[in-house]
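The values are calculated or read from the model by the stated rules, or taken from the named source; none is laboratory data. As the structure is a computational prediction, the values presented were derived from the model and not from experiment. Here the Cβ positions follow ideal geometry from the backbone for every residue, glycine too, while neighbour counts run over all protein chains shown.
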Amino acid sequence: MATRRNPTAERRDRQAFQERRLHAAELFAHDVDQAEVARTLGVSRQTVSRWHQRWQADGTAGLQSRGAPGRPPPGVRRPTRAG
């Protein structure tokens, strides 16, 4: 029996998302137009605009993964961020 792939799991792969954002940072550094970055990476222009704002404010570090969204399960502690 063939193994089915879970497209939702692929879309939610945090490592792949981070790699995509870091690729966007490289393109921003080479003055590639935001619309072209969106086409190249297969994401919306709105997403690229948010990434560009974060990149301008914090550099590549601003595009690093922020961890899983939402509230952690009971008994799981997240590290606190220095603010």
Practice problem: Filter region 30-50 down to residues that are of a type in the set (Val, Ile, Thr) and part of a helix (DSSP H, G or I) and give me whichever is surrounded by the most Cβ atoms within 10 Å (Cβ to Cβ). | Solution: 48
Self-check item: Looking only at region 51-63, and only at residues there that are loosely packed, with under 13 Cβ neighbours inside 10 Å and not small (Gly, Ala, Ser), the one that is modelled with the lowest pLDDT
Solution: 58
Quiz prompt | Count of residues meeting criterion [closer than 13 Å to residue 23 by Cα and not in a helix (DSSP H, G or I)] in region 51-73 | solution = 1
